[in-house]
1. From the list 52, 90, 83, 60, exactly one residue is buried (at least 17 other Cβ atoms within 10 Å of the Cβ) and charged (D, E, K, R). Which is it?
2. Please work out if residue 170 is out of contact with any Pro (no Cβ under 9 Å at 6 or more places or on another chain), more than 24 Å from residue 231 (Cα to Cα) and either among the basic types (Lys, Arg) or surrounded by 15 or more Cβ atoms within 10 Å (Cβ to Cβ) (or both).
3. Of the residues that sit in the stretch 202-215 and are at pLDDT 95 or above and surrounded by fewer than 17 Cβ atoms within 10 Å (Cβ to Cβ), which one is nearest to residue 121 (Cα to Cα)?
4. What about residue 34, is it surrounded by 13 or more Cβ atoms within 10 Å (Cβ to Cβ) and either under 24 Å from the mean Cα position of the chain (by Cα) or within 30 Å of residue 230 (Cβ to Cβ) (or both)?
5. Within the stretch 15-33, does at least one residue satisfy the condition of being of a type in the set (Ser, Thr, Tyr) and over 16 Å from residue 113 (Cα atoms)?
6. In the list 126, 107, which residue meets the criterion of being charged (D, E, K, R) and either in a loop (DSSP other than H, G, I, E, B) or more than 20 Å from the chain's Cα centre (by Cα) (or both)?
7. Need pairs with beta-carbon distance below 6 Å; first residue farther than 19 Å from residue 51 by Cα and within the stretch 66-93, second surrounded by fewer than 20 Cβ atoms within 10 Å (Cβ to Cβ); sequence gap 6+ or separate chains.
8. For the structure I just gave you, tell me whether residue 131 is closer than 19 Å to residue 6 by Cα and in a strand (DSSP E or B).
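The values are calculated or read from the model by the stated rules, or taken from the named source; none is laboratory data. These figures come from a predicted structure and were not determined experimentally. All Cβ positions, glycine included, derive from the backbone under ideal geometry; neighbour counts span all protein chains shown.
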Amino acid sequence: MAFEWPLPFVEPSPRRVRVRLGGVVVADTANAQLLIQYGPRELPTYFVPIDDVRPGVLVDETDRGWSVTAGGRHVPRGAWHNDEFAALKDHVTFSWRTLEWYEEDERVYEHARDPHKRVDTLRSSRQVEVFIDGERVARSVRPVLLFETMLPTRYYLPFTDVRMDLMSESQAVSFCPYKGAARYWSHPAAADIAWSYPDPIPENPKIRDLLCFYNERVDISVDGVPQDRPESPFS
């Protein structure tokens, strides 16, 4: 079955939300609206009441939004509005790539956290084997299984249980608000096929320095049973 995105919706957030640019707070609110959306180039984001945006930071208004200027920085098309939801009237959101976002006093990366999403990590003794082009590249009986809403079960394996002689660290990096900053690993047959979190956020310490492969791109066997390659946003 093909993967389907859930429908978007808006709800008020109880969290204090702040946005910074060039060391200057350009928005500060305890009345943010959270747009929970998933799709190509669509992820959860906060919308801030326009009255809680610092005066003078929104410039060069167009029919789609504004540029943002503060602290000696200028971000073209760095803020925009949304006319699809009544709750977002007179609200604005900002770029996550070029501005800094905070929930309470903690920096948040990439997108807002979805309060309806769970990320659970469980230690296991199940045997997990990973194959690439028919060759076994990993075997472990001490995986950490990560269960994340809307995504396949991920199998995090100790580096010592992986054929690291077949793997090479790549230059790719990514950020996840639920796990932290990831670095990537490649195999001769597949670039950026696995990732690890050397310093995950405090909520997910069990995955520290473990390696995880894309189920969608490799063949995985659990306790001798081959697993189907799942359909997901990463397929």
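1. Details: 90 fails: buried (at least 17 other Cβ atoms within 10 Å of the Cβ); 83 fails: buried (at least 17 other Cβ atoms within 10 Å of the Cβ); 60 fails: buried (at least 17 other Cβ atoms within 10 Å of the Cβ).
Result of the check over 52, 90, 83, 60: 52.
2. On the way: out of contact with any Pro (no Cβ under 9 Å at 6 or more places or on another chain): yes; more than 24 Å from residue 231 (Cα to Cα): yes; either among the basic types (Lys, Arg) or surrounded by 15 or more Cβ atoms within 10 Å (Cβ to Cβ) (or both): yes.
Answer is yes for this residue.
3. 206
4. Numbers: surrounded by 13 or more Cβ atoms within 10 Å (Cβ to Cβ): yes; either under 24 Å from the mean Cα position of the chain (by Cα) or within 30 Å of residue 230 (Cβ to Cβ) (or both): yes.
Yes, satisfied.
5. Applying the first criterion (of a type in the set (Ser, Thr, Tyr)) to the stretch 15-33 yields 29.
Filter again for over 16 Å from residue 113 (Cα atoms), leaving 29.
Yes - at least one qualifying residue is present in the stretch 15-33.
6. Working: 107 fails: either in a loop (DSSP other than H, G, I, E, B) or more than 20 Å from the chain's Cα centre (by Cα) (or both).
Criteria check complete, one pass: 126.
7. 71/22; 71/23; 71/24; 72/22; 73/22; 75/98; 76/67
8. Working: closer than 19 Å to residue 6 by Cα: no; in a strand (DSSP E or B): yes.
In short, no.
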